[in-house]
Amino acid sequence: MPTPKAPRSTTTAKTAPRGRARAAVSTVAVIAFDGISPFHLSVPCMVFGNDFSGPDLPRFRLQVCAETPGNLRTTAGFTIAVEHSLSALAKAQTVVVPSWRDPMERPSEALLKALRAAHKRGARIVGLCLGAFVLAEAGLLDGRPAATHWALAPAFAARYPQVSLRPDVLYVDDGDVLTSAGTAAGIDCCLHLLRRDFGAEVANRVARRMVVAPQRQGGQAQYVEQPLPATGSDHRLSAILAWVQENLRQPHSLDTLAARALMSRRTFTRHFRQITGTTVGQWLASQRLALAQRQLESTSRSMEQIAQDAGFGSAVSLRQHFAATLGTSPSMYRREFHRTDF
């Protein structure tokens with residue numbers, strides 16, 4: 001295989017523009033199989049299969065396919081009818097393996113061959129949750145970084161030492177191959193694809209329709225152990241985070257936020273990391289960057305004005321954060337994703 005590119009993003013906090021949006025209607029093939037989890041199958045179907053009825057929202061031709069079309073059993077006790085065969089992969093721009101029924105079971109050679117062929121002709125291949133095992137078995141992750149469910153990370157690492165496993169992230173974007181951590185992280189990965197292709201505003205609008213967070217902060221390390229039960233402090237902290245998002249122009253620090261939460265610095269830090277999976281500084285930077293992206297996409301405000309609104313203080317600081325996080329400049333980002341219908 002050719003030498004893979006360096007990963008573009010390993011957490012939901014980064015978004016790298018990749019040029020103009022794809023064609024108005026893009027085909028997404030989702031692979032189903034006997035014994036599939038309905039939730040895992042529904043994730044790409046919700047993001048790419050629903051008509052969100054927006055004139056400026058992208059449209060997709062979703063095709064659920066299987067090696068043997070017909071009625072397939074699910075883990076929930078009901079069956080689903082699949083009409084398309086693996087031949088759908090031959091024309092799809094994006095191919096999604098939403099999970100796999102048994103990480104120790106090698107997929108059929110027909111499925112592996114179809115995935116390799118789709119990737120070779122230029123399709124983007126996505127392995128959600130245990131779908132990463134299928135991509136690894138096909139050889140599509142050799143020499144690449146990848147993610148999968150934390151509970152199966154040791155088994156994955158032992159079985160595929162040629163893959164650079166990232167066990168603590170929600171998803172890994174390696175350009176033409178993407179993988180995600182378990183279950184709900186598939187939503188993060190699919191929304192990231194929308195954000196990468198069509199900009200933050202489109203991804204945010206779809207996320208709002210689905211009533212999910214457009215970008216979760218942190219990685220899956222925060223979910224490895226049983227989460228602590230929610231406390232009054234957690235609810236108070238969540239309210240403060242929502243307030244900060246509405247007041248990013250103001251200066252914020254660990255000390256000022258801890259005081260606002262009526263917590264000690266140490267207690268606030270612990271609760272903050274439990275909820276967000278990251279630090280105050282990293283979270284603030286990502287929120288400010290997301291606001292700047294939205295304004296660049298949907299307004300004609302100057303760089304200085306946007307920098308002030310987002311809390312960066314100056315256009316110089318805004319440019320530095322864009323370069324460090326997104327690998328581009330605010331001006332370039334605006335040229336790529338600026339809307340003219342505001």
Quiz prompt | Residue list for segment 31-54, restricted to those being assigned to a loop (DSSP other than H, G, I, E, B), of a type outside the set (A, V, I, L, M, F, W, C) and modelled with pLDDT under 95 | solution = Asn50, Asp51, Ser53, Gly54
Practice problem: Determine whether Ser26 is of a type outside the set (Phe, Trp, Tyr), at pLDDT below 95 and in a strand (DSSP E or B). | Solution: yes
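I'd like to verify a number: residues in segment 276-320 that are exposed (fewer than 15 other Cβ atoms within 10 Å of the Cβ) and under 19 Å from Pro251 (Cβ atoms), how many?
8
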Practice problem: For residues that are β-branched (Val, Ile, Thr), open to solvent by 10 Å² or more (accessible area, probe 1.4 Å) and within 16 Å of Cys129 (Cα to Cα), scanning just segment 170-217, find the one that is modelled with the highest pLDDT. | Solution: Ile187
Quiz item: Restricting attention to segment 177-190, does a residue exist that is on the phi > 0 side of the Ramachandran plot, over 13 Å from the mean Cα position of the chain (by Cα), not aromatic (Phe, Trp, Tyr) and not in a helix (DSSP H, G or I)?
Solution: no
Practice problem: Taking only segment 116-129 into account, find how many residues are surrounded by fewer than 24 Cβ atoms within 10 Å (Cβ to Cβ), under 23 Å from the mean Cα position of the chain (by Cα) and outside any helix (DSSP H, G or I). | Solution: 3
Quiz item: What are the residue pairs meeting all of these: first residue in segment 44-57, first residue within 20 Å of Ala185 (Cβ to Cβ), second residue modelled with pLDDT of 95 or more and among the β-branched types (Val, Ile, Thr), Cβ atoms under 6 Å, and 6 or more apart or on different chains?
Solution: Pro44/Val30; Pro44/Val96; Phe48/Val28
Practice problem: Answer yes if at least one residue in segment 227-247 is open to solvent by 10 Å² or more (accessible area, probe 1.4 Å), outside any strand (DSSP E or B), modelled with pLDDT under 85 and at positive phi, and no otherwise. | Solution: no
Practice problem: Return the residue satisfying two criteria in turn: it lies in segment 323-333 and is outside any helix (DSSP H, G or I) and among the polar types (S, T, N, Q), and of such residues it is least open to solvent (accessible area, probe 1.4 Å). | Solution: Thr328
Quiz item: Is there a residue being among the β-branched types (Val, Ile, Thr), closer than 26 Å to Asn204 by Cβ, in contact (Cβ under 8 Å) with a residue 60 or more places away in the chain and not in a loop (DSSP other than H, G, I, E, B) anywhere in segment 159-169?
Solution: no
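The values are calculated or read from the model by the stated rules, or taken from the named source; none is laboratory data. Keep in mind the model is a prediction, meaning the values are calculated, not measured. Here Cβ is always computed from backbone atoms with ideal geometry, including for glycine, and neighbour counts include all displayed protein chains. Ligands, DNA and RNA are stripped out before the accessible areas are found, and what is left, the full protein with its side chains, is counted by its heavy atoms. Shrake-Rupley method; radii C 1.70, N 1.55, O 1.52, S 1.80 Å.
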